[in-house]
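The values are calculated or read from the model by the stated rules, or taken from the named source; none is laboratory data. Computed from a prediction, not measured in an experiment: that's the story for all the values here. Note that we place each Cβ from the backbone using ideal geometry, even for glycine, and neighbour counts take in every protein chain shown.
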Amino acid sequence: MKIIIYKTFIWKEFIWLIIMMEIILMKENNMITSQNPENIFIYHYVEEMVSNYGEFLKQRINDEEISMKELPLLIRIFFSEVVTQKELVNIFNISEGQIAKILKKFEDKGYIIRYEKEDNHRIKIVELTTSGQNLANKYISYIEEWENNVTSNMTLDEKTELKKLLYKIII
């Protein structure tokens with residue numbers, strides 16, 4: 001099974017705007033007291049899942065190994081056949097300087113190697129070392145544990161359908 005990690009959006013102004021619009025709409029439509037799950041904005045579900053996932057990982061993550069902000073980079077590199085430093089900048093919408101800083105930390109800890117592409121020396125290829133692969137596998141097992149926990153009351157068909165629907169949303 002291939003896990004796809006996507007960009008994390010933490011834009012305070014954007015979030016506050018959505019919350020305010022949502023509250024206004026919910027008040028206008030008398031949805032504040034509604035107990036019907038289909039009447040609740042997808043935003044609420046995503047927010048709860050992200051919060052739950054974050055709390056779950058905080059209990060397991062070792063900041064001396066890797067931080068919560070760095071983990072998606074490690075996982076992305078793990079699941080990429082070939083990934084460049086520039087691609088990581090574009091995928092995560094983080095400055096080149098910040099990506100370079102994180103990758104330097106990974107290099108210093110022995111998690112990755114970076115090397116120049118043979119036909120274009122300006123392109124830096126990023127690859128996990130065995131140590132980096134082991135660390136990624138450790139955190140992937142946590143991700144699998146979380147996923148199993150939050151879907152424990154679902155059938156296999158429901159989990160499959162959920163993944164298909166989530167995939168439809170992000171594409």
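A few points about this structure:
Residue-wise test of (1) surrounded by 12 or more Cβ atoms within 10 Å (Cβ to Cβ); (2) in contact with a Lys or Arg (Cβ under 9 Å, 6 or more places away or on another chain).
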site: L103; (1), (2): yes, yes
site: E107; (1), (2): yes, yes
site: R114; (1), (2): yes, yes
site: D119; (1), (2): no, no
site: Q133; (1), (2): yes, no
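Here is a yes/no grid of residues against (1) loosely packed, with under 14 Cβ neighbours inside 10 Å; (2) in a loop (DSSP other than H, G, I, E, B); (3) under 14 Å from the mean Cα position of the chain (by Cα); (4) at pLDDT 90 or above:
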position	(1), (2), (3), (4)
H44	yes, no, no, no
E48	yes, no, no, no
Y53	no, no, yes, yes
M68	yes, yes, yes, no
I75	no, no, yes, yes
N90	yes, no, no, yes
